[in-house]
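Working notes, beginning with the structure itself.
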Amino acid sequence: MSLKNHALLCAAVLCAAVCHAEEKPQTTNISGGRLLPYEILPLAGDWEGDGYLWGGLDGSVSLADDMAAVLVQGVGKQKDVEAALTQDFSVGGVQVSIGMRRNERQAKTCHIYWDGALLATCHPNAPGEGIDKPERVSCEKGAFNFAPGKHTLRFEVAEASDKGADNFQVDAIRIEALPMNENVELIALEGMSLVAESKSALVAAAIQHFQKRLVALGGKALPVAGQANRPSLVVGGSVPADAQAQEALLPFQREESFYLALDSGNLIASGLGEMGAVYALSDIETRLRIVDGKLFVVAPAWTDANGVKTFFSKPAFEMRGEYINVGYNEKGITPHEWTREQWNYYVDQLVLAKLNRLCFYIWVDTYTMYPGSELSKNPLNRKIHEDWQYVIDYAHQRGLKVTYMICGTMIPRDLWLAHPEYKADIVYTEHGFTAVCPNAPGSWELCLDVWKSEMAWFSKADTLQIWYYDPGGCWCEKYGCKEHQVESLIQQTIDLSGFFWELNPQADIEANTWPMWLWEEEKDIKYKKAFSQELKKAFGEKANRLRVIGAPDVPACMPLEAREEGLDTGIFLFGVNPEMGYVFTVPTVNFSKVWINEIYKNGFLKTFSHRLEAWTRYPGTFITAEYMWDPSISEEQAARTYADWQAADASLGLRFAELILALDTFTEKGATVSQGVRMAELKNEIFPQLPAVTQQELEYWPAMIDALGVIAASVDVQSGYELQLLSRQFIQCLKESSTLAYLADNGKAKFMTYRKLLSLGQQKGRF
């Protein structure tokens, strides 16, 4: 959190400062961190602040404790303070961060000793130093004794300032473990040429994207021609028969598995099929690192095969999808107003994450192009439809399959309001969803006319997925929906799939049973099994082109009955809730690991996760995709793969991964002051050093982290006045980002909404 922003927070909690001023400072250390374990020494010593100098490393403690510090006065004066570590930091390197008070009474030069040895020389009022920008010292393993137990800190004033000031005030010190140097092999790209052995258009598109990334990171595109006595990046081509056991692979793995090798200086990126070669180059792209201004590739964990270093990777899931819900419009964050360049970027990112499916749902109640609806005259509606036509084509050019999702009993809002006799008997309509009874006279004919029109826009989609509930469905007894629910759903499937097959005879059909299990409980009618049985009968010889989609939450959600009938099945992973309006990044690291492993354990190898606020949710998409490729990886591995790729630097990537894991805990388990402080400090360390292209693509992160820090500070605040001041600070944070600035117009409401959501965390309700 910046000093400017922190000043407003100080004003917000001034009353609390007065109330707690008589409390004794605490001496309990603050611990945390996963990739970078740390321990903060609050240094609740002999000085209590004046109400204007709190925050910094120990900003998560109570206000009176936070205001406490160690004070030494006078040149040559020293003060010893006993410190106790509870963790063992002696096994590797250590970074010590020193948060010093900044004011005109501070000395020019001061020393800090650890167990009698000089640890740091500090200049308290030097630019860039202070409680919010601490002085940092890196210590090699063994340079100091950072073992658990008691230690002595000595603070000494060495030199007065030019104005004679001779104070040394230290607020807090953090001891942070640094990992030992990672023993990784770096493959230099400088001097390499690029040889494309594959003539595939998909591979050519991947090469073009890779070359752009090299330039974006400050390097040069590789010359596309093999040259004598010059190593090459070889893309495509055959995979040695002994590199993998093809007979043990599933059919989709034989198409998408990839192979890397280092042979006589040549870096080889290939696959068993076209998309395997694409994913091989995608993998190399995420391994790009900048070292001393030059580009390298971090080698994978090679296997040595007859003198050739090889690496083989296969996907665990056959379908690895992203589902974009085109609902409410959050400017720039949801895809309604994206440019074609933004769409290209997003599709390219999905390929880079090694996904193979893009699913989309357009809320036709508002964004229809049905000629009989006045809503179709809205230019935004046409743009959305034309964009998705373009996206289908571009996704195909990059090797992605596309699923078009519809709800057959949902119609444009103006038509729904004009026909109250069509209104469905289901709870969704009480909340304004435009569901109709398909058996009311004339209603199904209107539905089919609407969807014939809509389907014509997206006939190139590879799959049509039909949703029956949420927001559609009807359980009325007037027209027999409750009594004949299965027959009604089967007829919808037959009619809608028939129309789509007329447009695209090669398409697959999916039946999404979400949330059929809920209605079984609500209506006390068991019909899921009968639905699967009748569906199989209705499709007959075409049943092999049918897939039934469920959810993983409990066995009742899963498409178990469909699998028993021999039908293909898949899983919809409801990772976020689009109805909450939360647009900040949710990494979903823990969530993805838990649920994707649950899906995999139950034998469902086709899955897709859910997004609406796609622009700011991509980090979660990438991490979820990591688990779809390999469910066995750790949370730390998943976070690091994304972070290292974005940072193009091992040290920065490590810290960025730590920030991602902290944010994941913050969103999953609920906001805490300590996590807010830690995330703000990591943000300050990381983002100014990221490559320019990453800073541009993730420009919303610093403002987002600062805004979350304000929410963290508000968790225990009850006063309306204080909350009002905090909401102003939240709004100011939003204005610091071009992506988030538009939220400021409704910033107070957003602050209160986000505060409520984050106080509970996603484990108590997805958002």
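Annotations
- Taking every protein chain into account, the accessible area of the range 88-237 amounts to 47 square angstrom per residue (probe 1.4 Å).
- Ser759-Gln637 FRET efficiency (beta carbon distance; Förster radius 30 Å; 0.05 resolution): 0.50
- Distance between modelled label sites at Ala543 and Ala221, nm, 7 Å Cα→Cβ extension: 5.2
- A protection proxy built from the mean count of other Cβ atoms within 10 Å ranks the segments 136-145, 384-393, 668-677, most packed first, as 668-677, 384-393, 136-145.
- Paramagnetic label reach from Ala143 (point 7 Å along Cα→Cβ; backbone nitrogen cut-off under 17 Å): within the range 68-91, residues 89-91.
- The stretch between Asn746 and Glu699, if pulled fully straight at 0.36 nm per residue, gains 14.9 nm over its current Cα-Cα span.
- Remark: the Arg340-Asp263 segment gains 23.7 nm on full extension, using 0.36 nm per residue and subtracting the alpha carbon distance.
- For the range 285-365, the antiparallel share of DSSP beta bridges with both residues in that region comes to about 55%.
- Selection among Ile284, Ala713, Leu659 by position relative to the dipole of the chain gives Ile284 as farthest towards the positive end (Cβ unit charges, Cα centre).
- Note on the chain: antiparallel DSSP beta bridges, both residues inside, total approximately 60 percent of the bridges counted.
- For the range 364-519, share of DSSP beta bridges that run antiparallel, in % to the nearest 5: 15
- 0 to 90° range, to nearest 10: angle between helix 485-503 axis and the chain longest Cα axis: 90
- Accessible area of the range 600-701 divided out per residue, in Å², using a probe of 1.4 angstrom: 25
- Nearest 10 degrees, 0 to 90: helix 720-735 Cα axis against the chain principal axis: 80
- With viscosity 1.567 mPa s and temperature 4 °C, the Kirkwood radius over alpha carbon pairs of the range 287-328 converts through Stokes-Einstein to a diffusion coefficient of 88 µm²/s.
- Here the range 334-462 has an Rg and Dmax of 16.2, 49 Å, counting Cα atoms alone.
- Mean projected area (nm²) of the alpha-carbon convex hull when the range 429-506 is viewed from all directions: 5.5
- Relative packing of peptides 358-367, 343-352 - highest average C-beta neighbours within 10 Å first: 358-367, 343-352
- As a length-normalised measure over Cα pairs under 8 Å and 6 or more apart, the relative contact order of the range 384-495 settles at 35 percent.
- Converting phi to 3J(HN,Hα) with the Karplus coefficients 6.51, -1.76 and 1.60 and the offset θ = phi - 60°, the range 293-304 yields x, 10, 9, 10, 10, 6, 5, x, 7, 5, 10, 8 Hz in sequence order, with x at every glycine or proline.
- Taking one quarter of the surface of the convex hull spanned by the alpha-carbon atoms of the range 73-173 gives a direction-averaged projected area of 6.0 nm².
- Between Leu295, Ala625, Val184, the Cα set farthest toward the positive side of the dipole of the chain (charges on each charged residue's Cβ, about the Cα centre) is that of Leu295.
- 3J(HN,Hα) from dihedral phi, the range 610-621, Karplus parametrisation 6.51/-1.76/1.60, rounded to Hz, x for glycine, proline: 10, 9, 10, 7, 5, 5, 8, 9, 4, x, x, 4
- Where only alpha carbons of the range 611-724 are counted, the Rg and the Dmax (Å): 15.0, 49
- By the compact-protein rule of thumb, 2.2 N^0.38 Å, the alpha-carbon radius of gyration of the range 560-614 corresponds to a ratio of 1.34.
- For the pair Lys377 and Asp88, label points projected 7 Å from Cα toward Cβ lie 7.6 nm apart.
- Simple spin-label estimate for Gln491 and Lys452 gives 1.7 nm between the two label positions (7 Å along the Cα-to-Cβ direction from each Cα).
- Three-way shape call for the range 123-258 based on the alpha-carbon gyration tensor, with the a/c threshold at 1.5: prolate
- Computed from Cα positions, the angle between helix 443-457 and the longest principal axis of the chain comes to roughly 60 degrees.
- Share of carbon and sulfur in the accessible heavy-atom surface of the range 361-419 [1.4 Å probe, %]: 56
- Environment charge of Trp388, counting only residues whose C-beta is closer than 13 Å and scoring Lys/Arg +1, Asp/Glu -1: 0
- Residue-span extension gain [Lys601 to Val717] - 0.36 nm each, minus C-alpha spacing: 37.4 nm
- For the range 362-448: accessible area per residue (Å², 1.4 Å): 39
- Relative contact order of the chain, taken over Cα pairs closer than 8 Å and 6 or more residues apart, is 10 percent.
- Three-way shape call for the range 604-664 based on the alpha-carbon gyration tensor, with the a/c threshold at 1.5: oblate
- Each 20 Å bin from 0 upward holds the following percent of the Cα-Cα pairs of the chain: 15, 42, 31, 11, 1.
- When a 1.4 Å probe is rolled over the protein heavy atoms, the share of accessible surface on the range 507-626 that falls to carbon and sulfur comes to 49 percent.
- Length-normalised contact order for the range 491-612 - Cα pairs under 8 Å, 6+ apart - percent: 22
- Accessible area of the range 146-277 belonging to carbon and sulfur atoms, whole % at 1.4 Å probe: 51
The values are calculated or read from the model by the stated rules, or taken from the named source; none is laboratory data. Given the structure is predicted, the values throughout are model-derived calculations rather than measurements. Counting neighbours? That spans all protein chains shown, and the Cβs are built from the backbone with ideal geometry, glycine included. Note: accessible area is taken over every heavy atom of the protein model, side chains too, but ligands, DNA and RNA are not part of it. Shrake-Rupley method; radii C 1.70, N 1.55, O 1.52, S 1.80 Å.
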